[in-house]
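Here's the structure, in structure tokens; my notes come after.
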Amino acid sequence: MGNTPTLMLDLLGSALAQPGLGWVTFITIVAGIVYGFAGFGAALIFMPVATIFWAPELAVAAFSVSALASLVTLVPRAWPQMDKPSVFTMILFSMLGAPLGIYLLRTSDVTHIRWAVLIVAAITLAALMSGWRQSLSSLCSTQAGVGAATGFVGGATGLLGPVMLLFQLSGTDTVTRVRANALVFLTLSSLLLLPSMAMQGILTTEAIVLGLVLLIPYGFGAKLGQAIFVPRFAVFYRNIAYAIIAAAILMGLPIWD
């Protein structure tokens, strides 16, 4: 017991010595702000930049831990506004798709994962900016398929948002409900990735400590983004999110290495 404070300090010191922590902390704040006002985009901004400095599995695990912040900053307001049956169905099936994605994350070449992150992010951004819509049914089976696909892609790349977000935008829900659905789904799904990560050995002590270090800047950014969000300017906020996501993708290109 007497060594516990020393051990904690050693773990914190190791986390603070991670390369690029300053940049990653800054991009975490930006990701939180965008997530707060747009309801999406946090991982699309965080992952391309974080994987410049950290191994993808470390970045994914740490970011999932930092999602704890959204439980108190964003989820309480979004909870009564969401479509609970749809969101819970997608969360359930995302948990089934995640283990295979996490397996690919931990067994694939780092460069391949980085390119996968960037390609998924770029395709998502292009679809969002183009106004792409694909009419999809709201049947439970469709929601289950979307959830499973989201879990798989999220487990492999840390990008839980793309599949679910494009599905949400294909419907007829209001901006407020789409935003609430995305906020609750992404937050809870990120947290529910943690047990699968732990079982496959990538939720390391280092990842947990880094996630807790990032939790405060992420929570601060999310709360700030939520505070400045004005529903009637939703298109403006969305365009800001697109620009920041595009910048993150360009920064994360491995060719700069």
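The values are calculated or read from the model by the stated rules, or taken from the named source; none is laboratory data. Keep in mind that what you see is a predicted model, and the values were worked out from it rather than measured. Note that we place each Cβ from the backbone using ideal geometry, even for glycine, and neighbour counts take in every protein chain shown.
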Problem set entry | Of all residues in segment 28-52 being under 19 Å from I255 (Cβ atoms) and out of contact with any Leu (no Cβ under 8 Å at 6 or more places or on another chain), the one that is surrounded by the fewest Cβ atoms within 10 Å (Cβ to Cβ) | I52
Problem set entry | Filter result for the condition that a residue is under 26 Å from R238 (Cβ atoms) and β-branched (V, I, T), over T107, T73 | T73
For this session: Could you pull out the residue among S14, S108 that is surrounded by fewer than 22 Cβ atoms within 10 Å (Cβ to Cβ), small (G, A, S) and more than 21 Å from I216 (Cα to Cα)?
Result: S108
Problem set entry | Among (1) surrounded by fewer than 22 Cβ atoms within 10 Å (Cβ to Cβ); (2) at pLDDT below 90, the one test that A148 misses | (2)
Exercise. How many residues does segment 147-169 hold that are within 19 Å of I119 (Cα to Cα) and either free of Cβ contacts under 8 Å to residues at least 24 places away in the same chain or assigned to a helix (DSSP H, G or I) (or both)?
Worked result: 16
Problem set entry | Close pairs from segment 108-130: first within 17 Å of A55 (Cα to Cα), partner assigned to a helix (DSSP H, G or I) and of a type in the set (S, T, Y), Cβ under 9 Å, at least 6 apart | V110/T51; I113/T51; I113/T157; R114/T51; A116/T157; V117/T51; V117/T157; L118/T51
Exercise. What number of residues in segment 20-41 are outside any helix (DSSP H, G or I) and at pLDDT 95 or above?
Worked result: 0
For this session: Would you mind finding the one in L160, L166, L212 that is crowded, with 23+ Cβ neighbours inside 10 Å and at negative phi?
Result: L160
Exercise. Considering T187, T174, which residue is crowded, with 23+ Cβ neighbours inside 10 Å, under 25 Å from A78 (Cβ atoms) and not small (G, A, S)?
Worked result: T187
For this session: Tell me, please, whether a residue that is part of a helix (DSSP H, G or I), within 22 Å of F185 (Cβ to Cβ) and either of a type in the set (S, T, Y) or under 15 Å from the mean Cα position of the chain (by Cα) (or both) can be found in segment 82-90.
Result: yes
Problem set entry | Residue check for T172: without any contact (Cβ under 8 Å) to a residue 40 or more places away in the chain and not in a helix (DSSP H, G or I) | yes
